[in-house]
Ligand SMILES: Nc1ncnc2c1ncn2[C@@H]1O[C@H](COP(=O)(O)OP(=O)(O)OP(=O)(O)O)[C@@H](O)[C@H]1O
């Protein structure tokens, strides 16, 4: 667990709330912001997602991990309305969200970022931010008809965008094309843009991918600050250092299902998790367990008895 657990109130709150939750797939949480049931997504003969039950604790940082192809991104796409399940239901803040399109999901307070950033490269940084602010909670048809109202709203959107750019240290890049930013700066821009809708929950798909080490700490700091601001964070990540550093809870997917849940330490020592990571490499390509361990942070040594070896 991170050392800061004793100093940051958001961390202490989240960990206290989760301390008696059983370490088992589908575990019930004391105050879930998101509850999903029997979510299935098939692509032809392949069942990419088959999640029986999942709960995400409000105000905590939850990591969703699992080997390549486990269904993490597909599950994100389903929850946020970018894809449709064959079956399944989920509630966010007590309201059913299945079948709701992405912009309405965002209005309900659930936003996401993408593995490959979606910043519009030929728009300036500030315009990317402003776009993130359209369709806000409270914006109505009538507002759009009355110039004084939409001008006021436009001004509020720009003010909020500038505040966020300052917070994410992108204010110096305000007028630059988003396309000129580094990979890490784009990740920051995407996170900042997601906050334009003042969400309750932020879903980050591989926030560390392509980020150079100079920006890593800053990105981690921003994710932690979301929790301190009372937001819920759910993120997909392969970087196990990041998972260990910032997560209050970890959910593991393997072949579309939730196979384990718990605190970072217990999950990473769980034989089922180690198996899933090593098993995922039983695909005909040669993989050295040590290499897998280096990539995933999951120890290379399989359990002494009954564990799979990567032969
Ligand atoms: N649009 C699609 N059409 C067909 N198959 C798909 C589609 N999207 C995903 N899949 C398949 O569904 C499975 C789950 O993929 P998904 O991208 O959700 O996994 P993931 O856990 O996010 O992997 P990664 O960590 O590599 O991003 C994979 O076998 C993938 O090939």
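All of the numbers you see were taken from the coordinates with simple rules; none came from a lab. Please read these numbers as outputs of a predicted model, since none were measured by experiment. Cβ atoms come from the backbone with ideal geometry, glycine included; neighbour counts cover every protein chain shown.
Below is a table of values for the structure above.
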| read-out | value |
| --- | --- |
| Qualifying positions in the range 186-215 - surrounded by fewer than 18 Cβ atoms within 10 Å (Cβ to Cβ) and assigned to a loop (DSSP other than H, G, I, E, B) | 198, 209, 210, 212 |
| Any hit, the range 18-39, residues being touching a residue at least 40 places away in the same chain (Cβ under 8 Å), surrounded by fewer than 17 Cβ atoms within 10 Å (Cβ to Cβ) and near the ligand (Cβ under 9 Å from one of its atoms) | no |
| Which listed residue is in contact (Cβ under 8 Å) with a residue 24 or more places away in the chain, buried (at least 22 other Cβ atoms within 10 Å of the Cβ), more than 12 Å from the ligand (Cβ to nearest atom) and under 17 Å from the mean Cα position of the chain (by Cα), from 112, 58 | 112 |
| Top-ranked residue of the range 6-17 - restricted to ones that are in contact with a helix residue (DSSP H, G or I) (Cβ under 8 Å, 6 or more places away or on another chain) and touching a residue at least 12 places away in the same chain (Cβ under 8 Å), ranked as nearest to residue 245 (Cα to Cα) | 11 |
| Selected residue (criterion: surrounded by the most Cβ atoms within 10 Å (Cβ to Cβ)) from residues of the range 66-84 that are farther than 15 Å from residue 42 by Cβ and more than 9 Å from the ligand (Cβ to nearest atom) | 79 |
| Matching residues, the range 255-269, being touching a residue at least 60 places away in the same chain (Cβ under 8 Å) and either surrounded by 22 or more Cβ atoms within 10 Å (Cβ to Cβ) or away from the ligand (no atom under 16 Å from the Cβ) (or both) | 256, 258, 260, 261, 262, 263, 264, 265, 266, 267 |
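Yes or no, residue by residue, for (1) touching a helix residue (DSSP H, G or I) at 6+ places or on another chain (Cβ under 9 Å); (2) closer than 25 Å to residue 272 by Cα:
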position: 52; (1), (2): no, yes
position: 60; (1), (2): yes, yes
position: 68; (1), (2): no, yes
position: 71; (1), (2): no, yes
position: 74; (1), (2): no, yes
position: 77; (1), (2): no, no
position: 83; (1), (2): yes, no
position: 96; (1), (2): no, no
